[in-house]
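For reference, the structure discussed in these notes is given below.
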Amino acid sequence: MTAPHARWSSGDPQAVLDGFEQLPGFVWIFEGPELRVVAANPAVRAAVGNRSGLIGEPFRRAVPELAGQHIFELLDQALHGIRSHGYEQRVLTDRNGDGTLTEAFYTFDMAPWRNPDGSVRGVIVQAVDATPVVAARQAAETAAATAERRYRQAAGLVLELQRSLLPDVLPVLPHVQVAAHYLVASSDLVAGGDWFDVVPLPDGRLALTVGDVVGHGATAAAAMGQLRTVARQALQSGGGLPQVLAVLDDFAGRADVTRAATTCLAVLDPDTGTLEAASHGHPAPLVIGATGEARYLPLTPTGPLGTGADPAPVQTHQLRADDVLLLYTDGLIERPRQSLHDGARILADAAAAARRAILDAATTIPQRLPDRICTLVTERLALAGGGFGDDTTLLAAHLLPQPLAPLHVTLPADRTALRPMRRHLSDWLVRIGAGELDASDLVHAAGEAVTNAVDHAYPSGTPGTFTLHGTLDHQGVVHVTCADQGRWRPPVADPGGRGRGLTMIRGLVDRAEVSHTEAGTTVSMHHHIGQATNVTTVAAAQAAGPHKQAAVVEEFTAAVIEAPTGRVLRVQGPVDLVTGPRLRAAIMQASRGGSLPLTIDLTPVTHLSSTGVRVLHEVARIVAHLRVTATPQSPAHAVLELTGLGHLLPEPSADGRDDGFHR
């Protein structure tokens, strides 16, 4: 039996030593203020050229070329008890002893080595050679950039033309949810002539249309855009379905490029479920019931537009609550060696299966029913047929069993209410189907209104409440009000970094008003919201990966990262009345009281309030060489531009991307 003193808590001493010698990673162990090398495994010794006399030497003397690379400074911090990390940090060493520096990239962790009494004995460094990973990523990025340039030359302008002529968003409505997918044919990277549109009418009804122009190319795409515009204008002018179709038919007959286009036009009354529909040479709509049963609406189509055919008869149908109406172009049902009847049956089967699917919460398939049906149907039919031979459009409208309920919540007017307010409003906006950018703008604007109520409505120490109310109207406009029972303080001539809340609100939403009465103050915000349409190629749709966004992180954190470009403070979560002071403290600590250059990465920030804006204005006057990065799609970017902090953002590079530090 091995004596107790001959064993360590980590195992047999000889086994531990043997394992240390064969570690695939790098380990340095330094002792004392001179950082004498007391242990270094073979892998790390090889990384610096297996130089003689390494063990026992002060590290600065043993590897002098690291001076100026910020390595010794980090080791000194560890001697003072501060642990640090580096991610793919570039390190230059003289491996051959001839003065030529070799480049390598390391991900490392430097931690204090402590005595039993807690005092610092030295520093332990563990590292992984990330050079192969960095090289592979750089090669992949170069290859991807080359492939992307080639693809854009062939298809980028085509898709931009297509998107510019089609609606980029669809309305979000209280009684009907809509979604649309447009896929450019995989066999022909030229613009096609499909179109779709969803038009809320002044009387609360909803018009849906799809159509197809004969041919391909820029001319067909331009003709499609003209027909869609004519149909939209005729609908919005208040004409009935026969009048709208007559205008469209007359316009199509005036030019060869628009003549013989097909279209299906439907007008739905969400309150009654009554649907009027007519077709000029276009396939009949498909209805998927609540239990997955599929039925095509019986239509009597007339000839294509502009060909002198008789007027299309308008036929009335009755949709049931929870029905999904599908309008589509013939590219979805046309297949080589397959009849249109078989194509229609396959479409109905795919749509019914998508409707009946019970999804796990972790799936990447959209949970919203019309998005789910559009996604699964186009994916499965493209897979079954080896791609589409023609452009394909699928437009889905779900008649909700119950209209979307309004939001109504009352909370105490103190700082602790900010997070639950954002959660209530965000959850409601998700339920009604608001797009990510619209939801971000509304949550930001409401946060400013609530912050003003907390700061100004009630005298210090006086309890009070505020009420947040949200509704969605038949034109797709969200109305959010924040009402308190207090009186706001009048604005001062010099706000001293404050007073940006109302300016931010008006910059974030379409329209905002503030009303003061004896009963209190109400901020009313109005914003037209929409759901993004999906216009892409079949190949891009299949390569797009998950369809759902990752969960938003709501916890505030601020972490220092030693990046190749310098020190970065990565901020995550909400920056508001509660967390603003923590942001300021983190900035001052990371910059050593403003003496060190610092980049603040705000890309992961979920909410940047006027409190955070004030902090950034303050520290910009203190911190030397302060930079701020935030991707253009992030919630913080628009706020920075809106509040006079855009000069802190990096200049966009030649390829249109900013060159900030994002991970």
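Laboratory data are not the source of any read-out in this text; all were calculated from the coordinates shown. None of the values given here were measured: they were computed from a predicted structure. Counting neighbours? That spans all protein chains shown, and the Cβs are built from the backbone with ideal geometry, glycine included.
For the peptides 252-265, 613-626, what is the packing order when you average, over each peptide's residues, the other Cβ atoms within 10 Å and list the highest mean first?
Working: 252-265: 20.3, 613-626: 17.5.
So the peptides 252-265, 613-626, ranked by packing, come out 252-265, 613-626.
On the first, second and third principal axes, largest extent first, how far apart are the outermost C-alpha atoms of region 360-434 in Å?
60, 25, 23
Testing the spin-label approximation: label points 7 Å from Cα along Cα→Cβ at Arg90 and Met588. State their distance in nm.
It is 3.5 nm.
Calculate the FRET efficiency for Asp310 and Val214 from the Cβ-Cβ distance with a Förster distance of 22 Å, rounded to the nearest 0.05.
On the way: r = 20 Å, r/R0 = 0.91.
Efficiency at R0 = 22 Å is approximately 0.65.
Expressed as a fraction of 2.2 N^0.38 Å, the rule-of-thumb size for a compact globular protein of N residues, what is the C-alpha radius of gyration of region 166-399? Spell out each step's value before the answer.
On the way: Rg = 16.7 Å, N = 234, 2.2 N^0.38 = 17.5 Å.
Rounded to two decimals, the normalised Rg is 0.96.
Please report Rg over Rh for region 4-129, where both radii come from the alpha carbon positions and Rh follows the Kirkwood definition. Don't skip to the answer; put the middle values down first.
Values: Rg = 14.9 Å, Rh = 15.3 Å.
Answer for region 4-129: 0.97.
If you restrict to DSSP beta bridges whose two residues both lie in the chain, what percentage is antiparallel, to the nearest 5? Please report the intermediate quantities before stating the final value.
On the way: 111 of 127 bridges.
Rounded to the nearest five, the antiparallel share is 85 percent.
Whole-Å semi-axes of region 407-531's equivalent ellipsoid, largest first, each the root of 5 times a Cα gyration tensor eigenvalue?
Details: eigenvalues 116, 50, 34 Å².
Sorted largest first and rounded, they come to 24, 16, 13 Å.
Relative to the compact globular guide of 2.2 N^0.38 Å, what is the alpha carbon radius of gyration of region 412-459, as a ratio? Intermediate values should be presented prior to the final figure.
Values: Rg = 11.6 Å, N = 48, 2.2 N^0.38 = 9.6 Å.
In units of the globular-protein estimate, region 412-459 measures up at 1.21.
Among all helices in the chain defined by DSSP H, which have a length of 18 Å or more along the axis from Cα atoms plus a Kyte-Doolittle mean of at least -1.0? Kindly include the intermediate steps, with their values, before the conclusion.
Values: long enough: 131-151 (29 Å, -0.30); 218-236 (27 Å, 0.26); 340-356 (24 Å, 0.04); 369-385 (24 Å, 0.62); 418-432 (21 Å, -0.40); 436-452 (24 Å, 0.04).
Helices passing the filter in the chain: 131-151, 218-236, 340-356, 369-385, 418-432, 436-452.
Can you give the calculated 222 nm mean residue ellipticity of the chain, where each DSSP H run of n ≥ 4 adds -39,500 (n - 2.57) and the sum is split over every residue, rounded to the nearest 500 deg cm²/dmol?
Values: 17 runs with 199 residues, N = 663.
That calculation yields -9500 deg cm²/dmol at 222 nm.
With a 10 Å radius around each residue's Cβ, average the other Cβ atoms per peptide and rank 525-535, 102-112, highest first.
Details: 525-535: 19.8, 102-112: 17.5.
Most protected by this proxy first, the peptides run 525-535, 102-112.
Karplus couplings for region 196-208 from phi (6.51 cos²θ - 1.76 cosθ + 1.60, θ = phi - 60°), rounded to Hz, Gly and Pro as x?
Whole-Hz 3J(HN,Hα) from phi for region 196-208: 8, 6, 10, 10, x, 9, x, 8, x, 7, 10, 9, 10.
What does the highest-first list of 407-418, 430-441, 351-362, 56-67 look like by mean Cβ count within 10 Å? Don't jump to the answer; show the numbers that get you there.
Numbers: 407-418: 16.8, 430-441: 18.9, 351-362: 13.7, 56-67: 15.2.
Per-residue mean Cβ counts within 10 Å order the peptides as 430-441, 407-418, 56-67, 351-362.
For the chain, take the alpha-carbon Rg, divide it by the Kirkwood Rh, and send me Rg/Rh.
Taking Rg over the Kirkwood Rh, I get 1.07.
For region 551-648, what is Rg from Cα atoms divided by 2.2 N^0.38 Å, rounded to two decimals?
Region 551-648 yields a ratio of 0.96.
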